[in-house]
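Rule-based calculations on the coordinates, nothing more; no lab input. The structure displayed is predicted, hence computed values, not measured ones. Please note: Cβ atoms are built from the backbone with ideal geometry, for glycine as well, and neighbour counts cover all protein chains shown.
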């Protein structure tokens, strides 16, 4: 089987760091069964204009003009599935950069071991649990990106799946059956009638969740601890790459 090809974009305004990051990526290719296809950008404006697919964006947080933070916000607003790993010289500004597309942080100067660890973890997690294929209500199979699923709602013996682009799909499976085949641990059961993508949780109240889409979802009391733990885990996984750099 030929290695999987992954589109990697590097966005940094300094040629030195572009070359350093590119060299780190090429060294990583020797360790894993992936081929990287590289795209180099010198500004946030350039990467936002790029129309082709980007799987992972290695993004300088301190770009002049359109900042890395602004690029992240525009990617998320347009529902792009690109995974963002921030490259930064200042740990203290990292905590302002969390988001549903952000999977990690790498600090300058770049340590190859930590670089490999962050990218391997990101690739393994996203490739292994990227898509969910299900029978829809008219007997056709549909394939959905886990990252685009905001929540699932029981609808009798069917389930309605709501997506981040405001579309929805009626699936010929009940919520209990779906829970057994979901392979992405960001989707969690929060109520007898709901499964939610934890990355879309904006606020946790005593008996309900507010999602980033401003949807309100009921929260079962016995599920609250599990949801709190999952939210904390999401934050920890993103912060872990900072502590390891």
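Summary of values
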item	result
Where labels lie 7 Å past Cα in the beta-carbon direction, separation of residue 168 and residue 215 in nm	0.8
Rounded FRET efficiency, nearest 0.05, which uses the C-beta distance separating residue 113 from residue 133 and R0 of 45 Å	0.80
Computed FRET value (nearest 0.05) for residue 157 with residue 74, which takes r as the C-beta separation and R₀ as 45 Å	0.65
